[in-house]
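Written out below as structure tokens is the structure these notes cover.
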Amino acid sequence: MFLTSRIILVRKKRILGHFCPLWCNTPLAFVSKFNRPFKMKLLLINPNTSDSMTAGIAKSACAVAAADTQIIAVHPSFGPLSIEGHYDEAFAAAGVAEQVRLAQPQSPDAIVIACFGDPGLEAAREATRAPVLGIAEAAFHAASMLATGFSIVTTMTRTCILAERLVQRYGFEHQCRGVHGTDIAVLDLEDGGEAMTRQIEEVARTALVRDRSAAIVLGCAGMSALCQTLTARLGVPVIDGVAVAVKFAEALAALGLGTSKMGDYAQPLPKTYTGWATPLGWPT
Ligand code: 2AL
């Protein structure tokens with residue numbers, strides 16, 4: 001099948017009273033012009049429910065994806081418009097599980113979870129054989145290959161603890177030298193203006209000196225579009241988790257590597273789910 005564009009698909013399908021953005025006939029955007037057959041289907045899940053942020057993340061993913069990678073960008077049918085705390089994350093994780101479950105018939109070759117808290121990452125791995133990458137985990141790996149120490153620059157100061165816990169969970173305590181909030185709200189990042197960019201730049205500059213680090217990890221998917229500018233201004237590697245997760249996901253899928261089904265990442269046990277989650281349980 002020859003297609004002329006890499007298409008972002010967001011289908012509005014009604015599920016239990018919610019509009020579920022998946023696999024639709026209505027493309028949200030056409031973002032590239034490569035006259036090649038698609039080799040790889042990459043499901044890009046924005047765990048928050050912002051349409052505009054999903055489109056922005058999809059644009060960043062498409063900018064780095066191979067010409068024959070089809071990026072399919074979705075967000076959950078329910079949950080918070082932005083993820084800035086533990087409560088938001090609880091719903092976002094369920095939303096990620098929903099989207100992985102609903103995408104099953106499409107058999108994506110790889111999945112990227114594009115929120116810096118990596119919500120629902122391990123649940124997603126249980127639910128698929130495809131490789132699943134979270135942008136925080138991918139960014140930590142990339143940063144630790146580029147510098148002995150890195151600093152994370154994120155959104156609200158209250159979200160710093162979320163990043164710190166991920167650093168510990170993934171075992172990057174020796175490489176991550178600090179996590180720094182900018183007190184910019186996630187949805188305000190869409191502003192993209194000079195004042196906001198400078199605010200992030202200043203926090204990053206201070207972090208590099210204070211932490212004695214040599215690379216910056218951007219602590220929000222919404223910062224993706226700022227990566228090039230910040231790289232040029234700071235003169236150190238600035239790692240956007242969306243970009244590195246897409247490239248790592250392509251590499252793993254191209255190598256034929258997927259999530260192990262031995263042990264705890266085995267398919268979820270068959271059981272009945274109730275309430276609004278009824279369609280999301282594994283069949284008994
Ligand atoms: C994020 C992110 O990447 N998406 C979102 O809604 N919140 N991260 C953050 N640190 O606030």
Pairs where the first residue, in region 30-55, is at pLDDT below 95 and away from the ligand (no atom under 16 Å from the Cβ) and the second is part of a loop (DSSP other than H, G, I, E, B) and among the β-branched types (Val, Ile, Thr), C-beta under 8 Å, 6+ apart | 33/4; 34/4; 35/4
Unique match (being farther than 28 Å from residue 39 by Cβ and open to solvent by less than 10 Å² (accessible area, probe 1.4 Å)) among 161, 135, 152, 83 = 152
Name the one entry in 198, 129 that is touching a residue at least 60 places away in the same chain (Cβ under 8 Å) and more than 11 Å from the ligand (Cβ to nearest atom).
-> 129
Restrict the check to region 233-242 and report whether at least one residue is within 21 Å of residue 46 (Cβ to Cβ) and either touching a Gly at 6+ places or on another chain (Cβ under 7 Å) or open to solvent by 50 Å² or more (accessible area, probe 1.4 Å) (or both).
-> no
Could you please find all residues in region 88-118 being in contact with a strand residue (DSSP E or B) (Cβ under 7 Å, 6 or more places away or on another chain), open to solvent by less than 30 Å² (accessible area, probe 1.4 Å) and not small (Gly, Ala, Ser)?
-> 96, 99, 100, 108, 111, 112, 113, 116, 118
In this structure, is residue 172 over 26 Å from residue 73 (Cα atoms) and crowded, with 17+ Cβ neighbours inside 10 Å?
-> yes
So which pairs qualify, if the first residue must be in region 102-123 and touching a residue at least 24 places away in the same chain (Cβ under 8 Å) and away from the ligand (no atom under 13 Å from the Cβ), the second must be assigned to a helix (DSSP H, G or I) and not acidic (Asp, Glu), the Cβ gap must be under 6 Å, and the two must be at least 6 apart or on different chains?
-> 109/253; 110/249; 110/253; 123/97
Can you spot a residue in region 163-176 that is under 25 Å from residue 58 (Cα atoms) and either away from the ligand (no atom under 13 Å from the Cβ) or within 16 Å of the chain's Cα centre (by Cα) (or both)?
-> yes
Flag for residue 230 being closer than 19 Å to residue 127 by Cα and assigned to a helix (DSSP H, G or I) | no
If you go through region 205-222 one residue at a time, do you hit one that is open to solvent by 50 Å² or more (accessible area, probe 1.4 Å), of a type in the set (Asp, Glu), out of contact with any Leu (no Cβ under 7 Å at 6 or more places or on another chain) and at negative phi?
-> no
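The values are calculated or read from the model by the stated rules, or taken from the named source; none is laboratory data. Quantities reported herein were computed from a predicted structural model and do not represent experimental measurements. Every residue, glycine as well, gets a Cβ built from its backbone with ideal geometry; the counts of neighbours run over all protein chains shown. Heads up: the accessible areas ignore ligands, DNA and RNA and are worked out on the full protein's heavy atoms, side chains in. Shrake-Rupley method; radii C 1.70, N 1.55, O 1.52, S 1.80 Å.
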